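Undergrad: Just passing along the structure, written as structure tokens.
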Amino acid sequence: MSLTKPGARGLQVESMALADIAATFGTPCYVYSRAALVAAYQAYRDSLQAHGLVDRSLICYAIKANSNLAILKLFADLGAGFDIVSGGELARVLAAGGKADRIVFSGVGKSREEMRLALEAGIHCFNVESASELAQLNAVAVELGRRAPVSLRVNPDVDARTHPYISTGLKTAKFGVAFDEAFDLYQRAATLPGLAIKGIDCHIGSQLLDPAPAAEAADKILGLVDRLAAAGIALDHIDLGGGMGIQYRADEPAPPAAYYLGPMLERLADRKESLVFEPGRSLVGNAGLLLTRVQVLKHGEAKHFAVVDAAMNDLMRPALYDAWHDIVKVGAGDTAAAAPMPYEIVGPVCESGDFLGHDRELALQEGDLLAILSAGAYGMAMASNYNSRPRAAEVMVDGAQAHLIRRRESVAELFALESVLP
């Protein structure tokens, strides 16, 4: 997301001042840029086009990163497919106008009901992650008189060199089928009457900044594809997942899509199979920010605290991963009365882990607006109602217009589904 600071209203997204968004919709508030979302998707298409692969590729947005209907509809209109991990996400994609035959269904614990719903909808493929799931899916498909399109998510045992919580390609991960077991499991799948083998899937982790691990995984997967073909199991598509990282720190730029995808695409250019990719964070992460207001400045002997109205329930990543998000003032210039000093940016939630940033050098006064950047992915998607806090509003900026795409919850809605004992 490109932030500009043209004048008296301070930082703006596209042609909208963040101060005006805060005045209209309140804080905390998630703000997204339509232009940034489109540009991120187009970067994938441009990379595929440069290698002559765009016409046989499907870019499936991994909606766990941000599942707002407006964002899903935007990507659907751009021609995207979708990577889902639950029946709820299936329902969201269909409600947003996404096409079922452009959906891949990942996840280690699909229920039989979720399998049934996806089969009835007519999805593109199930990414199967265990022998047990393969057998269960076959049984559900037979009951429905259908054949389920399947690929196996193969775990190549490649170190993604990322945070251990978001590294999924090692043999110790819960995800996928072990590489050494995949060939035999494909042979078993070929004998099951309710399954139609369509492809192979691989996803080694998230926030990947070095293209080398993804290229190494692609080499192992392509070798397995060729071995399967020699055994009479020809695949229609190769799915190499997502995982490309984004820039979280101003002084640590992330690779452009062309640089990250290039080594993989060079390996795929002469293949006959169609291709699937599952980007999530890289499409939405830098297209969003969390807008928050300073409530209290608390100065101590050891630390200075800026207590804002956003909290760990609004943006979980810092507390969960000790993740860094750049934090900037929205106002046009520092106030003369405020001196820069290192602040702990914390929320009002009753947890010591409720922080959004450590040791940030800022000149602050109570009432100042702050923008927490790179919050478009795994921000609102992970939000909760801890401490009975309503979840934030979400706003999409399109040029000089701001559209409310999710209203703020009310406190009454938080307990509307509950009842007291008689």
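Undergrad: Here are some conditions: (1) part of a loop (DSSP other than H, G, I, E, B); (2) under 22 Å from the mean Cα position of the chain (by Cα); (3) farther than 30 Å from Gly88 by Cβ. Ala377 meets all but one. Which one does it not meet?
TA: The single condition Ala377 does not satisfy is (3).
Undergrad: Can you tell which of Glu114, Glu120 is surrounded by 18 or more Cβ atoms within 10 Å (Cβ to Cβ), of a type in the set (D, E, K, R), part of a helix (DSSP H, G or I) and assigned by TED's automatic domain parsing to the domain that holds Phe179?
TA: Glu114
Undergrad: Mind listing whichever residues of the stretch 133-152 are farther than 24 Å from Gly241 by Cα, touching a helix residue (DSSP H, G or I) at 6+ places or on another chain (Cβ under 7 Å) and either in contact (Cβ under 8 Å) with a residue 40 or more places away in the chain or surrounded by 16 or more Cβ atoms within 10 Å (Cβ to Cβ) (or both)?
TA: Val140, Ala141, Arg146
Matching residues to (1) out of contact with any strand residue (DSSP E or B) (no Cβ under 9 Å at 6 or more places or on another chain); (2) at pLDDT 95 or above; (3) in a helix (DSSP H, G or I); (4) within 28 Å of Arg56 (Cα to Cα):
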site: Phe126; (1), (2), (3), (4): no, yes, no, yes
site: Leu134; (1), (2), (3), (4): no, yes, yes, yes
site: Glu143; (1), (2), (3), (4): yes, yes, yes, no
site: Thr162; (1), (2), (3), (4): no, no, no, no
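Undergrad: So, of the residues in the stretch 6-38 that are farther than 15 Å from Gly399 by Cβ and surrounded by fewer than 16 Cβ atoms within 10 Å (Cβ to Cβ), which turns out to be modelled with the lowest pLDDT?
TA: Here the answer is Gly7.
Residues are listed down the side, and each one gets a yes or a no for (1) surrounded by 19 or more Cβ atoms within 10 Å (Cβ to Cβ); (2) modelled with pLDDT of 95 or more; (3) closer than 27 Å to Leu283 by Cβ:
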{"residue": "Asp309", "(1), (2), (3)": "yes, yes, no"}
{"residue": "Leu320", "(1), (2), (3)": "no, no, yes"}
{"residue": "Ala339", "(1), (2), (3)": "no, no, no"}
{"residue": "Pro348", "(1), (2), (3)": "no, yes, no"}
{"residue": "Met380", "(1), (2), (3)": "yes, yes, yes"}
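Undergrad: Does at least one position in the stretch 82-102 carry a residue that is farther than 22 Å from Gly379 by Cα, of a type in the set (Lys, Arg) and out of contact with any strand residue (DSSP E or B) (no Cβ under 6 Å at 6 or more places or on another chain)?
TA: yes
The values are calculated or read from the model by the stated rules, or taken from the named source; none is laboratory data. Owing to the predicted nature of the structure, the values given are computational and were not obtained by experimental measurement. Every residue, glycine as well, gets a Cβ built from its backbone with ideal geometry; the counts of neighbours run over all protein chains shown.
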